[in-house]
Amino acid sequence: MRRYGSTSDGLTVPGQNAGLKLTLQPAPPEPAPACAPAPTGLYWFSDSTGDFTEPTEAAYLSSAEAAGPVLAVARVIGETCGDVVWAHDWTPDAGTGGAPGVIGNGADCLVYPVLGGGPGQLSVSAECAGQSLGPILLTLLPAPGGGADCCPAPVAGAGQMVWSPGRLVYVFPIVGSHLNAETESGGIETVWSVDYVGDDPGGLALVGSVLAGTLALGDIDDGAHQTAITVTAALAWTCRDGPHDAALTWTLEFSYH
């Protein structure tokens, strides 16, 4: 009897296994988008706020000869993409005293004491992706003396103009002896104000801390304005012998001869 086996559709091709192997690789990652700098400001770190919030700050030099810890830290706020160029300018008190050390580290700028450094004013500015930031002011004060008889004696320091494209920026430091707020004389409270006589100079942006003020205004130094601008710092403090106060003023005159 003839036997019939089962059949199935399909085609079988005899031959050897070609040994073909397919290895699946993950798709290459998408390239990271280019970093876009977007700085929003330049500020000093403040112990009182615990953040980078101050355009003006003060620090006290140590009486020790060896260099101590960092005096102050400034930071460019916002995205910088590492593209920050730092610049600074030093004005010593009474023409004496060396500048502190200044080093830029990315978006941060550290100010530290050095041997032979003295009191004065340090202005710091930064440029990020073509945008100018600052200047901001750091006032370095002599090492304070202790004791109840160290009553502050503030005086108006020499005002100075710091170059900035398209505007005028002036800094007004408060100097003098025994200005350390940690002495037994007590802390100083300072209220800043600005006024003018003559032609309207436009917007006057005044910011201040205990021992320094910064005024920014449009570039009116073109001979078209007859204006006298007065900046005032009203100070109040208390010593063992009672309350004290002082009013310090600086005047800027334009086109007056």
Within segment 216-245, tally of residues that are of a type in the set (S, T, N, Q), touching an Asp or Glu at 6+ places or on another chain (Cβ under 7 Å) and not in a loop (DSSP other than H, G, I, E, B): 2
query: For segment 33-57, how many residues are assigned to a strand (DSSP E or B), among the β-branched types (Val, Ile, Thr) and farther than 13 Å from Ala126 by Cα?
result: 2
- prompt: In segment 205-215, what residues are open to solvent by 20 Å² or more (accessible area, probe 1.4 Å) and either among the small types (Gly, Ala, Ser) or touching an Asp or Glu at 6+ places or on another chain (Cβ under 9 Å) (or both)?
  reply: Ala205, Val207, Gly208, Ser209, Val210
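Per-residue answers, yes or no, for (1) crowded, with 21+ Cβ neighbours inside 10 Å; (2) over 12 Å from Ala74 (Cα atoms); (3) modelled with pLDDT of 90 or more:
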site: Asp89; (1), (2), (3): no, yes, yes
site: Asp108; (1), (2), (3): no, no, yes
site: Gly120; (1), (2), (3): yes, yes, no
site: Cys128; (1), (2), (3): yes, yes, yes
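The values are calculated or read from the model by the stated rules, or taken from the named source; none is laboratory data. Since the structure is predicted, the reported quantities are computational estimates derived from the model, not experimental observations. Using ideal geometry, Cβ is built from the backbone for each residue, glycine included, and neighbour counts are taken over all protein chains shown. Keep in mind that these areas ignore ligands, DNA and RNA; they rest on the heavy atoms of the full protein, side chains included. Shrake-Rupley method; radii C 1.70, N 1.55, O 1.52, S 1.80 Å.
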